[in-house]
Amino acid sequence: MRIDYLANHVDLIPTVAQWYFEAWRRFSKNLSIEDTKLRLASRLNIDKLDICFLCFGDDDEIVGTFSLTQKDIPNNEDFFPCLSNLFVAEKHRRQKIGEALVNCAKQQAYNFGFEEMYLYTTDKTVHLWYEKLGWKIIKEDVMRGFDVKIMGTSL
């Protein structure tokens, strides 16, 4: 498994945009694939937030992605940096890739000088997975009509 910057693989923006769109379009009814591509294009940094990373398998196929962002939790701007858009392609799930991506995100945030990081989830059970990885629920809220759990972890 290898992690690299999206900035080094801009040709994969359409693939990642499609993943994001399919996974999260129900939360943003006006979201389009083009909007998603533009959002990813704003994360082509390598030395500052907002930044997107890609995960490649042993065969060099893209298997997952995540971003570190400055502001990802609406109405809760004090919670940053944020782990956002953690995604593992369906055929590669249940292989601990997600856990490896979370650990990489934590290391990257630490390298940027942060001592904590945050995320939010609308999923009814995924918070349990994050809790197994050491994250704690710090706030429950409603965003865009969805119940969310804001979580944090020390680095």
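Taken together, the values in this text are just the output of simple stated rules run on the coordinates, not laboratory data. Every value quoted in this text rests on a predicted model; they were computed, and no experiment measured them. Reconstructed Cβ throughout: ideal geometry from the backbone, glycine too, with neighbour counts over all protein chains shown.
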key: Cβ-defined net charge surrounding Glu99, 13 Å radius [Lys, Arg +1; Asp, Glu -1]   = +4
query = Which of the aspartates and glutamates could a cross-linker span from Lys132 if the Cα-Cα distance has to be under 16 Å and same-chain partners fewer than 8 positions apart are dropped?
reply = Glu99, Asp123
Proxy reagent accessibility, fewest Cβ within 10 Å first, across Trp19, Trp24, Trp135 = Trp24, Trp19, Trp135
note = For the stretch 66-155, listing GluC sites (Glu not before Pro) in a DSSP loop whose Cβ sees at most 16 other Cβ atoms within 10 Å gives Glu77, Glu115
note = In the list (1) 14.6, 41; (2) 15.1, 57; (3) 18.3, 69, the entry giving Rg and Dmax of the Cα atoms in Å computed from the coordinates is (1)
key: Length added when fully stretched, Lys29-Gln95, from 0.36 nm per residue minus Cα-Cα   = 20.6 nm
note = Going from the fewest other Cβ atoms within 10 Å to the most, one would list Val142, Val63 as Val142, Val63
request  = Going by C-beta contacts inside 10 Å, put His127, His92 in order with the fewest on the left.
outcome  = His92, His127
key: Cβ-placed point charges (K, R +1; D, E -1), dipole of the chain about Cα centre in debye, nearest 20   = 400 debye
note = Rounded to the nearest 0.05, FRET efficiency between Arg144 and Tyr5 (Cβ-Cβ, R0 30 Å) equals 0.55
key: Computed [θ] at 222 nm, helices only, for the chain once each DSSP H run of length n ≥ 4 contributes -39500 (n - 2.57)   = -8500 deg cm²/dmol
